Amino acid sequence: MKFEPLRTSFSAGRLSTATTAGGRLFFVRHDGLAAVRIDGRRAEPWLPKARLAAAGPLTDDRVVHVAASDRGAIFHLDGDGSVFRRAPGGGAKLVRMTPPDPRVASHYAHRVGFAWDADGARLVVVGGQDRNDTHVLEKGARAFRSLRGAGPTHGTGRAVASSRGVYYVIENDVWLLAHDAWRLVGRLPASTPTYVRSLVFADDERARLLVVTQLGHDDPLCVHAFDASGAREIATDIRPTKARLLDDHDATMGFDPASRCLVVADADGVCAAAIDDEGGKRARWPDRALPRRARVADPPHHWYREAVAIDAHADARPVVIPPALVGKGQIVLAVLPETPFVPFRKAKSLLLLSHDPPYEAEYHTLAFENAFEVRFVEDELPPCLPMYGTKDRKMALRPAFLGRRFLEIDPAYAKRVDTLRDGEPCLASRSKIGGFPAFGQGGDEEATDGSVADLRCENCSARLRFAAQIRGPHFHAMSGNLFVYVCPFGCYGAAHVET
């Protein structure tokens, strides 16, 4: 079985989203937000490119998320947590629904569940790289409402809108949002590799979920149907159009309920492969609650580590650092104050310096000589963080302030805890001092191991410890976290980026 091309002039960008609404499949590009609707063997234009300001919302395609209502309205969640709506026939106009909201901000594309709940007429945001909280935006509301109570496992899963409600598949667990509470309704077989290289779609006509998996980048696709009776394999040996088809970059896949096809959009156009099976037999949605895995409701104190949020005064005047403190070919990325997490020996300020541009040097490697330099200086400088200007898009240092303290739980214990990973997940994912490094890639063990860097101070031979996290996108082509490690006695430091 292979994919056949459809008639269309549409091509997917670096990042696009496939979303189903009212029994129709839509593809939406993240750059410009143009949308098409699949209609049989054609992909018809649905919404034109939006009118976007040069430095305004929804201009960074890496942090745009897309959902669609059953009436064909397209919703966009931006990287700052604000939500916009585009109505069918509304042309290029964008309507802002909510102001920026840090609770649902700072998610990379396709790494948070964002779906339309038709039963409750609301948008749902669930999960993320290091969290399991859930927020809903109800009809007519101007702000998200946080749901209380236990939710799915921490981490990145797949949220899908269906006629039964919003399903969320993470690892091999299948969850259903019923009213304001999540319940575990099924488990996929251990042989179904849903943790990586997988997509989940709702088949409303037959009341089931479709899970598309791929063992390796060049292997054929396999489709499993999951309903109240369990999971079964219904299609195999579907040849992908290109390698890395399920990685959400450069190619996007969706399920078209009308033609019962898997549809792929990439830079070359749109193609489809039929997966019709079982003679049209209707199943029953999985919705019966199952026993949950035992998890700790009140974790012991030693599972936590304290952190403090650090943020910049966006409207304040830029801070100018004395040129004598900055080396040739370097720029200043931040100035951090002394705290219990960042001890100073004899210095009064910590300067975080970078090659300009940093990505032309080794910036992933943690070492004393790479793209970044951590320098303790005797000059007393005000704390500051980098921010982009709204007009010239140039980076400038703005005065920073320490916000509220909060607790982060050890990543190794997160899946055993029936609470949020920390009391303030929106703070943990942003710039902070202390706590654990919020790695964008890798597993929980890597994040825990990264709390003590395998690099020793040149002066006292003590291992450098994780001290601070500076949140991007501030570093040109790099959109991620900059991690700072310092000697526990305040002698030396080092830094690296995790994109």
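Summary of computed values
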{"item": "Condition check for ARG317: closer than 30 Å to ARG208 by Cα and either in a loop (DSSP other than H, G, I, E, B) or touching a residue at least 60 places away in the same chain (Cβ under 8 Å) (or both)", "result": "no"}
{"item": "Matching residues in region 318-353 - criterion: being hydrophobic (A, V, I, L, M, F, W, C), crowded, with 18+ Cβ neighbours inside 10 Å and touching a Phe, Trp or Tyr at 6+ places or on another chain (Cβ under 9 Å)", "result": "LEU333, PHE341, PHE344, LEU350, LEU351, LEU352, LEU353"}
{"item": "Residue within region 445-453 that is over 20 Å from ARG405 (Cα atoms), of a type outside the set (Lys, Arg), modelled with pLDDT of 85 or more and crowded, with 19+ Cβ neighbours inside 10 Å present", "result": "no"}
{"item": "Residue check, VAL124 within 25 Å of ALA414 (Cα to Cα) and of a type outside the set (S, T, N, Q)", "result": "yes"}
{"item": "Criterion violated by LEU188 - all others in (1) modelled with pLDDT under 90; (2) closer than 19 Å to HIS110 by Cα; (3) open to solvent by less than 20 Å² (accessible area, probe 1.4 Å); (4) among the hydrophobic types (A, V, I, L, M, F, W, C) satisfied", "result": "(2)"}
{"item": "Which numbered condition THR59 fails, given (1) in contact (Cβ under 8 Å) with a residue 24 or more places away in the chain; (2) within 23 Å of the chain's Cα centre (by Cα)", "result": "(1)"}
{"item": "Contacts under 8 angstrom Cβ, first residue in region 26-46 being on the phi > 0 side of the Ramachandran plot and modelled with pLDDT of 90 or more, partner open to solvent by less than 40 Å² (accessible area, probe 1.4 Å) and among the charged types (D, E, K, R), 6 or more apart", "result": "LEU33/ARG86"}
{"item": "Number of the condition not met by ALA294 [criteria: (1) assigned to a loop (DSSP other than H, G, I, E, B); (2) touching a strand residue (DSSP E or B) at 6+ places or on another chain (Cβ under 9 Å)]", "result": "(2)"}
{"item": "Residue satisfying condition, being open to solvent by 80 Å² or more (accessible area, probe 1.4 Å), closer than 26 Å to ASP204 by Cα and at pLDDT below 90, within set ASP298, ASP268, ASP276, ASP315", "result": "ASP276"}
{"item": "1 or more residues among the aliphatic types (A, V, I, L, M) and open to solvent by 10 Å² or more (accessible area, probe 1.4 Å): qualifying strands (runs of 3 or more DSSP E) within region 198-239", "result": "198-203, 230-238"}
{"item": "Failed condition for SER11, given (1) touching a Pro at 6+ places or on another chain (Cβ under 8 Å); (2) under 23 Å from ILE238 (Cα atoms)", "result": "(1)"}
{"item": "Check on ARG398, open to solvent by 70 Å² or more (accessible area, probe 1.4 Å) and either at pLDDT 80 or above or charged (D, E, K, R) (or both)", "result": "no"}
{"item": "Pairs where the first residue, in region 197-217, is of a type in the set (Asp, Glu) and the second is in a helix (DSSP H, G or I), C-beta under 9 Å, 6+ apart", "result": "GLU205/GLY280"}
{"item": "Conditions (1) at pLDDT below 75; (2) in a loop (DSSP other than H, G, I, E, B); (3) surrounded by 19 or more Cβ atoms within 10 Å (Cβ to Cβ); number of the one not met by THR390", "result": "(3)"}
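The values are calculated or read from the model by the stated rules, or taken from the named source; none is laboratory data. As the structure is a prediction and not an experimental result, all values here were calculated from the model. Cβ coordinates were reconstructed from backbone atoms using ideal geometry, including for glycine residues, and neighbour counts include every protein chain displayed. These area figures cover heavy atoms from the full protein model, side chains too; ligands, DNA and RNA do not enter into them. Shrake-Rupley method; radii C 1.70, N 1.55, O 1.52, S 1.80 Å.
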